[in-house]
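Trainee: A single structure is presented below for examination.
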């Protein structure tokens with residue numbers, strides 16, 4: 001029986017306004033714990049923002065203030081920092097863009113390193129993973145089940161276990177302290193392969209068979225048919241891979257020895273160490289953290305739809 005028939009029979013009635021208000025109030029009250037949790041998560045970000053615009057005396061103030069009383073850009077660039085300006089101020093410290101004078105470009109060099117490595121690793125790892133997923137799902141390659149089981153098994157091993165073997169292999173190949181040492185070990189993404197395999201299994205094999213009948217090579221099928229169909233899954237995975245590479249710290253810390261090759265997490269670590277000897281550098285560390293965080297926040301809001309879709313796609317079944 002349709003809803004229209006039930007309504008005509010008088011069995012469907014509208015909710016009383018009082019009941020609707022109570023239900024809406026209950027829904028809002030149920031969200032209060034989520035609002036409180038969001039507040040707890042946002043407090044450190046708020047402190048980072050206000051600390052980046054505080055002066056050194058205000059940073060040392062006890063009790064601390066929760067807004068900059070005299071907003072300043074000295075944490076980014078202080079013309080009166082000791083040893084820099086013509087009239088140095090005793091309690092001033094060099095800003096973010098005045099540090100690492102022995103590195104050409106300073107902080108901007110580290111940002112360029114991080115951006116370039118993130119883009120290269122993200123693009124190449126997704127292409128490699130999509131090619132592997134195509135081989136595992138749409139071809140009759142011998143041993144493909146064993147390869148897939150091996151890939152899944154590698155996901156069960158903690159990544160810290162592979163640090164020493166990866167370092168020894170990278171050292172034997174003379175790729176330490178180089179961009180290749182950054183990029184090559186980061187191209188193998190087992191979870192991305194697993195995710196794309198699950199997604200490709202939902203695509204009919206008839207598309208691939210028809211392309212083969214028309215004489216298309218395997219490379220052409222992958223490039224012109226599979227990659228366009230994988231676009232939603234690739235966009236979702238690109239967000240996770242890019243954010244992971246942007247925040248990569250431990251592996252660069254192990255293989256990098258030259259300051260010119262440092263990325264943003266390594267630069268922030270060196271600033272945190274400077275706070276021990278110079279507490280006034282806390283504002284500089286917060287300013288650098290703000291500059292390092294802004295691109296990821298903008299990236300998330302631009303691709304928020306794909307991020308949510310990626311979480312939804314992660315529940316697809318084989």
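Trainee: Do any helices (runs of 4 or more DSSP H) entirely within segment 135-185 hold 2 or more residues that are exposed (fewer than 12 other Cβ atoms within 10 Å of the Cβ), and if so, which? Let's see the steps before the verdict.
Mentor: Numbers: elements: 144-155, 163-172, 179-183.
Counting at least 2 such residues, we get 144-155, 163-172.
Trainee: Which of (1) in the same structural domain as residue 239 (by TED's automatic domain parsing); (2) surrounded by fewer than 20 Cβ atoms within 10 Å (Cβ to Cβ) does residue 130 not meet, given it meets every other one?
Mentor: Unmet for residue 130, out of (1) in the same structural domain as residue 239 (by TED's automatic domain parsing); (2) surrounded by fewer than 20 Cβ atoms within 10 Å (Cβ to Cβ): (2).
Trainee: Just one of 38, 51 is within 30 Å of residue 287 (Cα to Cα), modelled with pLDDT of 85 or more and either assigned to a loop (DSSP other than H, G, I, E, B) or in contact with a helix residue (DSSP H, G or I) (Cβ under 8 Å, 6 or more places away or on another chain) (or both); which is it? Walk me through it before giving the result.
Mentor: Values: 38 fails: either assigned to a loop (DSSP other than H, G, I, E, B) or in contact with a helix residue (DSSP H, G or I) (Cβ under 8 Å, 6 or more places away or on another chain) (or both).
Criteria check complete, one pass: 51.
Trainee: Does residue 37 count as surrounded by 12 or more Cβ atoms within 10 Å (Cβ to Cβ) and either without any contact (Cβ under 8 Å) to a residue 40 or more places away in the chain or more than 15 Å from residue 279 (Cα to Cα) (or both)? Give the derivation first.
Mentor: Numbers: surrounded by 12 or more Cβ atoms within 10 Å (Cβ to Cβ): no; either without any contact (Cβ under 8 Å) to a residue 40 or more places away in the chain or more than 15 Å from residue 279 (Cα to Cα) (or both): yes.
So residue 37 does not fit the description; no.
Trainee: Taking interchain pairs and intrachain pairs at least six residues apart, which have beta carbon atoms under 7 angstrom, with the first residue in segment 186-198 and in the same structural domain as residue 150 (by TED's automatic domain parsing) and at positive phi and the second at pLDDT 90 or above and in a helix (DSSP H, G or I)?
Mentor: none
Trainee: Which residues, taken from segment 215-237, are crowded, with 20+ Cβ neighbours inside 10 Å and within 30 Å of residue 112 (Cβ to Cβ)?
Mentor: Scanning segment 215-237 gives 230, 233, 234, 236, 237.
Trainee: Follow-up. So which helices (runs of 4 or more DSSP H) stay within segment 200-300 end to end and still have 3 or more residues that are closer than 21 Å to residue 141 by Cβ? Quick ask: steps written out before the conclusion?
Mentor: On the way: elements: 206-213, 218-221, 231-246, 250-255, 264-277.
Where helices (runs of 4 or more DSSP H) fall fully within segment 200-300 and carry at least 3 residues being closer than 21 Å to residue 141 by Cβ, they are 206-213, 218-221.
Trainee: Is it fair to say residue 76 is within 31 Å of the chain's Cα centre (by Cα), assigned to a loop (DSSP other than H, G, I, E, B), at pLDDT 90 or above and not assigned by TED's automatic domain parsing to the domain that holds residue 269?
Mentor: Working: within 31 Å of the chain's Cα centre (by Cα): yes; assigned to a loop (DSSP other than H, G, I, E, B): yes; at pLDDT 90 or above: yes; not assigned by TED's automatic domain parsing to the domain that holds residue 269: yes.
So residue 76 passes the test.
Trainee: Going by what's in this entry, would residue 92 be described as at pLDDT 85 or above and either farther than 20 Å from residue 282 by Cβ or assigned to a loop (DSSP other than H, G, I, E, B) (or both)?
Mentor: Numbers: at pLDDT 85 or above: no; either farther than 20 Å from residue 282 by Cβ or assigned to a loop (DSSP other than H, G, I, E, B) (or both): yes.
Considered against the rule, which asks whether it is at pLDDT 85 or above and either farther than 20 Å from residue 282 by Cβ or assigned to a loop (DSSP other than H, G, I, E, B) (or both), residue 92 comes out as no.
The values are calculated or read from the model by the stated rules, or taken from the named source; none is laboratory data. Everything quoted here is computed from the prediction, not taken from an experiment. Please note: Cβ atoms are built from the backbone with ideal geometry, for glycine as well, and neighbour counts cover all protein chains shown.
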